[in-house]
1. Restricting to region A:359-372, and then to whatever is farther than 18 Å from A:I327 by Cα and buried (at least 16 other Cβ atoms within 10 Å of the Cβ), can you tell me which residue is farthest from RNA strand B (Cβ to nearest atom)?
2. Run down A:F356, A:F318, A:F345 and say which single residue is more than 11 Å from RNA strand B (Cβ to nearest atom) and within 30 Å of A:R122 (Cβ to Cβ).
3. Can you list the helices (runs of 4 or more DSSP H) lying wholly within region A:1-95 that have 2 or more residues being more than 16 Å from RNA strand B (Cβ to nearest atom) and without any contact (Cβ under 8 Å) to a residue 24 or more places away in the chain?
4. Conditions: (1) of a type in the set (K, R); (2) more than 11 Å from RNA strand B (Cβ to nearest atom); (3) loosely packed, with under 15 Cβ neighbours inside 10 Å. A:R115 meets all but one. Number of the miss?
5. Looking at region A:47-66, which of its residues are farther than 20 Å from A:A306 by Cβ and touching a helix residue (DSSP H, G or I) at 6+ places or on another chain (Cβ under 9 Å)?
6. Report those strands (runs of 3 or more DSSP E) wholly inside region A:373-426 carrying at least 3 residues which are away from RNA strand B (no atom under 12 Å from the Cβ).
7. So for region A:123-135 (the condition being more than 21 Å from A:F89 (Cβ to Cβ) and not in a strand (DSSP E or B)), does at least one residue qualify?
8. When you scan region A:90-107, do you find a residue that is surrounded by fewer than 22 Cβ atoms within 10 Å (Cβ to Cβ), under 23 Å from A:V269 (Cα atoms) and either at pLDDT 95 or above or aromatic (F, W, Y) (or both), even just one?
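The values are calculated or read from the model by the stated rules, or taken from the named source; none is laboratory data. On a predicted model such as this, the values are computed, not experimentally measured, just so you know. Glycine gets a Cβ as well: all are built from the backbone with ideal geometry, and neighbour counts include every protein chain shown.
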Amino acid sequence: MLQKPKGTYDVYGEYGKKILYLEAILQTLMEKYNYEYFRTPIFEASELFHRGLGETTDIVSKETYDFKDRGDRFMTLRPEGTAGIVRSFIENKMYGSPNMPVKAWYYGPMFRYERPQSGRFREFYQFGVEVFGSNDPLVDAEVISVAVNLFRLLGLKGIKVNINTLGDTESRNNYREALLKYFKPYLNDLCEDCRNRYTKNPLRILDCKVDADKDIMKNAPKTIDYLNIESKEHFKKVQEYLKALEIDFEINPNIVRGLDYYTHTVFEVEANIQGFGSQNVLCGGGRYNNLITNLGGPETPGVGFAIGIERLLTALEFEKIELDINIGIDAYIISMSEKEKIEAFKLLQNLRLNGFNCDMDYMNRNLKSNFKQSERLNAKFVIIIGEDELKNDILTIKNNITKEEYKIDSCYIINFLDEKLGDFDE
RNA sequence: GCGAAUAUGGUGAAGUGGUUAACACAUCGGAUUGUGGCUCCGACAUGCGUGGGUUCGACUCCCACUAUUCGCCCCA
């Protein structure tokens, strides 16, 4: 049997409704924040991600979907959203826009070649925002607030915001040096992964889970101690603004994030659900003041985050949060025999054009099966057209919940449904 | 890339080295029911992930592969 590729999934049924509902929420939320919708290509020149995310990051070195197109160009399925948006920002010369900052949001599939596990896929969806052009710590706080307010809006409790700062380039480099110097004598005491990280990405040693409890870790230099005055001030302001928005946060010096482009604020938003493990991190992001120049644009500050949609939906399920999705149809039409079918079909279209969600039998079911089908579809009303109905130009309509049955003139059906469906809303 | 578990019909599953692979749900047909939802009767795996091997004989034992799930790494 043909199967879907590893790490992908099909969307249909109830899950499909949830996705559409969530997408609608994202859209209205971003309208409120006055962010602009961006959609960039799903594949880009490989170079974009190599330069954007950093050659040595795991995502680029072992997780990208790469291919050569028929013109021998190296292409990569996007593993994350930021690089593409930044490319678009530069290519469309938005840095010249009079209404800075440019506030962008995006939503779409990302691809990473990884072993799938709970809440992790090879094709997965991310929702994210990016703000370009303002170095104001207020923007850091606003971006965090977008994520937090989305989670609040959906009804997630126990949201935890962890923040840290890497400082500006100078601070970050100083800190990196300090870390290398600090860990050098202890290299043999660290796990194999950490020894690897030492050369590749020393900051990541800090959030190692294996060595987390060792004293070496606890006494390691903290980013906070290596900040220059401006960086310190920036971080202080971010906290101030977060407090102003009544967003609880914790400073976690071990959050360093895996991508090379971060400077200053980095943050993660956790769901804090028991048994959810590493999936708890629903959102990650931070400020990246060097990324735009790395990709060939003018010096422009930026800050953003990404949220994993599959994780978010799984979290909602774990927390037994029901989304307000529309289940069922207003009416299901049954014709007793072939003779009434065309009337049923006409009625079906008429009702649909008048705004009702309805359906009819396409399978020539018998009456019994049709009633079953109406229940499967969660139809509020069943409309029956038989010989009598056809002859007298009336309809038999049954409330599928109260089982009350009515016979009405077919010309009143719209009014009837309008009135009766109103009762359902009360 | 590393580690672990699992793999029987549409679904959930039971099962023994040996002629017909339980059971339940779902589905379909029929009986009954004042137009279905209860009850009753009937149908429904040419096959037990794929390929090898052991055996007189394997769904049941062994090996390989594949897939799924979970964890690690990393990330969202």
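1. A:D361
2. A:F318
3. It comes to A:13-32.
4. The failed condition is (2).
5. Those that are farther than 20 Å from A:A306 by Cβ and touching a helix residue (DSSP H, G or I) at 6+ places or on another chain (Cβ under 9 Å): A:E55, A:T56, A:D66.
6. none
7. No, because not a single residue in region A:123-135 is more than 21 Å from A:F89 (Cβ to Cβ) and not in a strand (DSSP E or B).
8. Scanning region A:90-107 turns up at least one residue that is surrounded by fewer than 22 Cβ atoms within 10 Å (Cβ to Cβ), under 23 Å from A:V269 (Cα atoms) and either at pLDDT 95 or above or aromatic (F, W, Y) (or both).
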